[in-house]
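Data first, discussion second: the structure below is written as structure tokens.
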Amino acid sequence: MSASFHSVPDQTPLDNWVAAKPDTGLQLVDQHRRPELEYPKVALSNLCLSYRTQSGERLLALDHINLQVRAGEFVCIVGPSGCGKSTLLHLIAGLQPPASGLVVVDGKLVHGPGTDRILIFQDHGLFPWLTVGQNVEFGMKMKGVPRAERQEKTRHYLKLVHLAKFENSYIHQLSGGMRQRVAIARALATEPDVLLMDEPFAALDAQTRDLLHDELERIWNDTGRTILFVTHNVREAVRLADRVVLLTFRPGRIKNEFPIDLPRPRHIEDLAVARTSRAILDELREEINRSLEAEYQVGMKPRIEPGVSA
Ligand code: ADP
Ligand code: MG
């Protein structure tokens, strides 16, 4: 597998290397020789998951995913639609168990949801009958945080996302970008170590998305959280990430990893971001082509892998 963390003898073939290309921000990394982290924040080992399709067959969604994320790292996961990105975040969030393999956060095996991780998605799941402030308080209430502390934290996190003035507004009074910022404030207020973000900005217009990139980068800087951010937008991934992980189309496997060594703050329109994206996009395109072929294939059957149970 291309992204195994286990060391192998010296005869590693050359194509295991992500070549250092001038001006691309990509570093020279030997995928097979990335050292195991001593204390990874998140460690996925040999994660597999399959779904049962309507016709009763098993669809292998994730196949032996091995990934280690260090504390405070910003990792973006990219891949074509249907490659298992959301599934991967659900497994880390503990919303569903893997068929095999392990999810370990802070050295502890994940058995289910926990307050150390939180999932933020595109459909931000805010409550329309609550005010902005009450929405932010909600997660803390569930966690049993006392009222005075909740109110203090609500104000703090609303300030952090520049929504202090909207504490008493209702969700329908806010724009899409503001709603997403409320969702981020609500998630941050529960003070999770790990933020799992599933295409959170995909439905926003480009200008709002750019602003939220800046805000998320600033919040990440200020809070030191570990972020796993799923997107199908390579530019967005390069704009945000310390490392971009590319998944293959069905079954989802790690095809390659790209450490992004560009200075921050970045902008999605930066030339360096565009250049770095190009190299990743070339690899992603192969997978998108595979997904399109599968889509257009009449009477297509999902790929069935033997020996993996759901
Ligand atoms: P992505 O987020 O990358 O678009 P998903 O993780 O949502 O991909 O899905 C991966 C694959 O698993 C897809 O082929 C999808 O159709 C399938 N899948 C996802 N959820 C289910 C489910 N609950 N039941 C059956 N198949 C599913
Ligand atoms: Mg998805």
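Going residue by residue through the stretch 44-62, is there one that turns out to be surrounded by fewer than 18 Cβ atoms within 10 Å (Cβ to Cβ), assigned to a loop (DSSP other than H, G, I, E, B), in the same structural domain as Thr248 (by TED's automatic domain parsing) and within 16 Å of ligand 2 (Cβ to nearest atom)?
no
Any residue at all in the stretch 217-228 that is within 16 Å of ligand 1 (Cβ to nearest atom) and under 16 Å from the mean Cα position of the chain (by Cα)?
Checked the stretch 217-228: at least one residue is within 16 Å of ligand 1 (Cβ to nearest atom) and under 16 Å from the mean Cα position of the chain (by Cα).
Taking the criterion of being more than 12 Å from ligand 1 (Cβ to nearest atom) and part of a strand (DSSP E or B), would at least one residue in the stretch 79-94 satisfy it?
The answer is no; no qualifying residue exists.
Could you list all residues from the stretch 64-95 that are within 9 Å of the chain's Cα centre (by Cα), within 14 Å of ligand 2 (Cβ to nearest atom) and aliphatic (A, V, I, L, M)?
Ile77, Val78, Leu88, Leu89 - these are the residues of the stretch 64-95 that are within 9 Å of the chain's Cα centre (by Cα), within 14 Å of ligand 2 (Cβ to nearest atom) and aliphatic (A, V, I, L, M).
So if I check each of Leu240, Leu204, which one is without any contact (Cβ under 8 Å) to a residue 40 or more places away in the chain, away from ligand 2 (no atom under 15 Å from the Cβ) and either at positive phi or assigned by TED's automatic domain parsing to the domain that holds Val42 (or both)?
When all the criteria are applied, what remains is Leu204.
Restricting attention to the stretch 152-166, and to residues there that are crowded, with 17+ Cβ neighbours inside 10 Å and at pLDDT 90 or above, which single residue is nearest to Thr226 (Cα to Cα)? Lay out the reasoning, then the answer.
Here is the first cut: in the stretch 152-166, the ones crowded, with 17+ Cβ neighbours inside 10 Å are 153-154, 157-158, 160-161, 163, 166.
This time we only want the ones that are at pLDDT 90 or above, so: 153-154, 157-158, 163, 166.
Working: Lys153: 20, Thr154: 21, Tyr157: 17, Leu158: 20, Leu163: 23, Phe166: 27 Å.
Step by step, filter the stretch 152-166, then rank; the result is Tyr157.
Quick one: Phe121 ticks every box in (1) assigned by TED's automatic domain parsing to the domain that holds Arg253; (2) within 16 Å of ligand 2 (Cβ to nearest atom) except a single one, so which number is it?
With (1) assigned by TED's automatic domain parsing to the domain that holds Arg253; (2) within 16 Å of ligand 2 (Cβ to nearest atom) applied to Phe121, the lone miss is (1).
Go through Asp242, Asp193, Asp198 for me and flag whichever is over 23 Å from Gln134 (Cα atoms) and surrounded by fewer than 20 Cβ atoms within 10 Å (Cβ to Cβ).
Asp242
Answer yes or no: is there a residue in the stretch 123-132 that is more than 17 Å from Leu47 (Cα to Cα), buried (at least 16 other Cβ atoms within 10 Å of the Cβ) and free of Cβ contacts under 8 Å to residues at least 60 places away in the same chain.
yes
The values are calculated or read from the model by the stated rules, or taken from the named source; none is laboratory data. Note that the structure is predicted; figures quoted are calculated from it, not measured. Glycine also receives a Cβ, built like all others from the backbone with ideal geometry; neighbour counts cover every protein chain displayed.
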